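Structure, as structure tokens:
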Amino acid sequence: MIRAKLMSLALAAAAALAPAAHAESGWGELNLTQGVTDISRKIYDLHMLIFWVCVVIGIVVFGVMIWSIVTFRKSKGAVPDTTMVHNTKVEVVWTVIPVMILVAMAVPAARTLVEIEDTSKTELSIKVTGFQWGWNYDYLDDGVSYYSHLDRASNAARELDSGIDPHTVEHYLLNVDQPLVVPVDTKVRLLITGADVIHSWWVPAFGVKKDAIPGFVNEAWFKVDTDKPGLYRGQCAELCGRDHGFMPIVVDVRSKADFAAWLKDKATQQKPAAPPAPAPNAS
Ligand SMILES: [Cu+2]
């Protein structure tokens, strides 16, 4: 009777989940993104590997537990065994198997962690300073530096009683006035710090999230695939005060040639004006 009830419950649950499982977009939105860098894909693969390890362990453990509860219930006349309280063989097995599983997960995880921290051989260094509330990007070798704030349209709509429907604003709260511009296929090193309180620079598609701490310089790096130029969005990921939700991040990834042209342009714009020529001596 109970077994039949359990079976029908399990079937009902499976039926409820099945159509949703087919709607790729629905479930895809819940999962980690695969991203556009080698590291972000490695993080995704690790996440999936460990997720499935957990699923299998969950099924096995709960399966044995539920089966034991149902099969050896009191109403069926089960009597607890008080003679066998220790079994060395079983203890060894349930210690060795989890240790092996943990080691099998730790090895690839450690390898990826080491790679994430490897900021050698970078080709472009940008200092990122988080402040209340926005970001400053400083291209250290090129004398280019600028601020990146929430874009005007979002900023107007977010005001109390603005009368603007946020749904009409494109990329509401996820757009900036000046994005960070970087080239594809280039190992970009970020030197991340904070000007006032702790912020965190987070762009999921790159697999990068690093705290911006005043007085500290944290390093991070990313290298976007050659065939993946475009706009990538992120947000401050450390609660930093009143306008924490209003300091998004946008990274504009361009081809190497486009980037070089942009950087040259920006550098000329920012070059301080030459001092006025000295007035000819009035004699
Ligand atoms: Cu913040």
Does anyone have the angle between helix 38-71 and the longest principal axis of the chain? Alpha-carbon axes, 0 to 90°, nearest 10? 20 degrees
Evaluate 2.2 N^0.38 Å with N set to the residue count of the stretch 136-283, then give the Cα radius of gyration divided by it. 1.27
By a straight-distance test (C-alpha under 23 Å), which lysines pair with residue 74 as possible cross-link partners, with residues fewer than eight away in the same chain excluded? 5
Given the C-alpha atoms of the chain, compute the convex hull and give its volume per residue in Å³. 259 Å³
Take residue 92 and residue 41, extend 7 Å from each Cα along the Cα→Cβ direction, and tell me the distance between the two endpoints in nm. 4.3 nm
So how much slack lies between residue 54 and residue 187, counting 0.36 nm per residue of separation and subtracting their Cα-Cα distance, in nm? 44.5 nm
Rank 213, 57, 198 by mean-square fluctuation in a GNM of the chain with C-alpha springs under 10 angstrom and give only the top-ranked residue. 57
Candidates 173, 150, 102, ranked by Gaussian network fluctuation over the chain, Cα under 10 Å, top entry: 102
Once normalised by the length of the chain, the mean sequence separation of its alpha carbon contacts under 8 Å that are 6 or more apart gives a contact order in percent of 18 percent
For the chain, size of Cβ-based charge dipole, Lys and Arg +1, Asp and Glu -1, in debye: 1120 debye
Rounded to the nearest 10, the angle in degrees between the Cα long axis of helix 2-22 and the longest principal axis of the Cα atoms of the chain comes to 20 degrees
Once you keep just the Cα pairs under 8 angstrom separated by 6 or more residues, what percentage relative contact order results for the stretch 124-270? 27 percent
In a Gaussian network model over the chain where Cα atoms closer than 10 Å are linked, find which of 169, 85, 184 has the largest mean-square fluctuation. 85
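Here, each number is a calculation from the coordinates, and none is a lab measurement. Please read all numbers here as calculations on a predicted model, not as lab measurements. Note that we place each Cβ from the backbone using ideal geometry, even for glycine, and neighbour counts take in every protein chain shown.
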